[in-house]
Amino acid sequence: MTPPSADRTDSATKRRLRDAILQLIGFGLGILFIIWCFRRAFSGDGFVSVADHVGAAPTWLIVAALLSTLVSVVANGLIFWCTIQPVRPLRLVDVQAVNLLASLLNYAPFRIGLVARIAFHWRVDRIGPALMTAWLITALLSLCVAFVAVALAMPLAPKIGLPGVFLVITATCIVATWLVRKAVAIESVRSRLRGAHAMLGEVRSFGLAVALRVVDIVAFTARMTCVAAILNSPLTVGQAAMLGLAAFALTMNPIGRFGFREAGVAWLASNVFKGTLSEQDLGQAFAQLALVDSAAEAAVTIPLGALAALWCWRRTQRGDQARASSVTTSDAEAPSK
């Protein structure tokens, strides 16, 4: 008879293998999607058209597109920092650096960004699997609350205007945060949260995480709006914002971010405006929009992520040296037997 522990190990191995295969398939599909987008966007004089639009765009508009990416990555780092403060205060600069590194590595397959985040915080901060799982659950729930709030408010924008949208988002986030706090007080719910209740029940930190996630989503939609203006796309501000929200959702794709967002945005925009232009012009225009939006993100994420990688490596080395020194000191102070 096979021991239960062996069955669990075998099951975990099969699950990891299945996940790895799905990630590899997702990365392969992402490459095909990127090629498809490039062929649609830059066929004929497409590249010259994009270069002309970017060259003629006001400097402030290009800067705004890049700054919106910076706001997004900084807000995302702050979310991870503030959610863990109630149970394990960490250095803000470390959390931001790890987040930038994870953003860079998310272009690769196998969830390497997530692996790097887990590895750094285990090695430097000694955060074990239980606390890391609770931390990720808390960050994910803050994302869900903010996304639902923004998704509910955006379709109402033509009727209630931006002040109304702000009020709807604020009210939804406050109610949802209160409901989360009430839910984690229930024992049956708390037992399923793997320790996340300590973070979810802290209204100030979780509420701040939700607010920062709204900022993150708004930054995503702002960048899409700026890129649409740079390319003179036939989009209203509201339509560009909805595409930005869709791009944000597609970034959360569990089998890979690379390629899926670009193809999804191009396909969605082409279907929204079907019949307004020829099919070829429509496909080219929105493939260009999707690729330039991703380029505006990569122009910030890649260099900052590379700098963050250097910071994380040095921080890891210092942490190892400090632990080695601590062990040596403890051994020297121990009484001889």
> What pairs can you find where one residue is in the stretch 127-143 and farther than 26 Å from I217 by Cα, the other is modelled with pLDDT under 90, and their Cβ atoms are less than 6 Å apart, with a gap of 6+ or different chains?
Replying inline: A130/G195
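Have a look at T236, T172, T177, T225 and point out the one that is crowded, with 17+ Cβ neighbours inside 10 Å, closer than 30 Å to A57 by Cα and hydroxyl-bearing (S, T, Y). Lay out the reasoning, then the answer.
On the way: T236 fails: crowded, with 17+ Cβ neighbours inside 10 Å; T172 fails: closer than 30 Å to A57 by Cα; T177 fails: closer than 30 Å to A57 by Cα.
Only one candidate qualifies: T225.
May I ask you to list the residues in the stretch 233-242 that are in a helix (DSSP H, G or I) and either in contact with a His (Cβ under 6 Å, 6 or more places away or on another chain) or touching a residue at least 40 places away in the same chain (Cβ under 8 Å) (or both)?
Keep residues of the stretch 233-242 that are in a helix (DSSP H, G or I), which gives 237-242.
The answer is G238, A241, M242.
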>> Tell me which helices (runs of 4 or more DSSP H) are completely within the stretch 155-208 and hold 1 or more residues being basic (K, R) and touching a residue at least 12 places away in the same chain (Cβ under 8 Å), or say none if there are none.
In response: 157-184
>> Return the pair list, or none, for Cβ contacts closer than 6 Å from residues in the stretch 95-119 that are touching a residue at least 12 places away in the same chain (Cβ under 8 Å) to residues that are in a loop (DSSP other than H, G, I, E, B) and aromatic (F, W, Y), at least 6 apart or on different chains.
In response: Y107/F258
>> I'm trying to understand the selection: among the residues of the stretch 272-299, which are of a type in the set (S, T, N, Q), modelled with pLDDT of 75 or more and more than 19 Å from V71 (Cβ to Cβ)?
In response: Q284, Q288
>> Please determine whether any residue of the stretch 6-17 is under 25 Å from the mean Cα position of the chain (by Cα), surrounded by fewer than 17 Cβ atoms within 10 Å (Cβ to Cβ) and at pLDDT 80 or above.
In response: yes
> Since V203 meets every condition but one in (1) within 24 Å of the chain's Cα centre (by Cα); (2) closer than 19 Å to V87 by Cα; (3) surrounded by 15 or more Cβ atoms within 10 Å (Cβ to Cβ), which condition does it not meet?
Replying inline: (3)
>> Would you confirm, using the coordinates I've provided, whether R257 is closer than 20 Å to V71 by Cβ, surrounded by 21 or more Cβ atoms within 10 Å (Cβ to Cβ), within 22 Å of the chain's Cα centre (by Cα) and modelled with pLDDT under 75?
In response: yes
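Please determine whether any residue of the stretch 97-110 is more than 19 Å from C312 (Cβ to Cβ), at pLDDT 90 or above and assigned to a helix (DSSP H, G or I). Lay out the reasoning, then the answer.
Of all residues in the stretch 97-110, those more than 19 Å from C312 (Cβ to Cβ) come to 109.
When the remaining residues are screened for being at pLDDT 90 or above, the result is none.
Scanning the stretch 97-110, I find no residue that is more than 19 Å from C312 (Cβ to Cβ), at pLDDT 90 or above and assigned to a helix (DSSP H, G or I), so the answer is no.
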>> For the stretch 29-43, which positions are under 16 Å from A108 (Cβ atoms) and not aliphatic (A, V, I, L, M)?
In response: G30, F33
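On the basis of being part of a helix (DSSP H, G or I) and touching a Lys or Arg at 6+ places or on another chain (Cβ under 7 Å), does V124 make the cut? Give the steps one after another, and end with the answer.
Values: part of a helix (DSSP H, G or I): yes; touching a Lys or Arg at 6+ places or on another chain (Cβ under 7 Å): yes.
Criteria met by V124.
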>> Show the residue pairs meeting these rules: Cβ distance below 8 Å; 6+ apart or different chains; first residue within the stretch 66-93 and in contact (Cβ under 8 Å) with a residue 12 or more places away in the chain; second residue among the β-branched types (V, I, T) and outside any helix (DSSP H, G or I).
In response: R88/I127
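The values are calculated or read from the model by the stated rules, or taken from the named source; none is laboratory data. Values in this document were obtained by computation on a predicted structure and should not be read as measured data. Note that each Cβ is placed from the backbone with ideal geometry, even for glycine, and that neighbours are counted across all protein chains shown.
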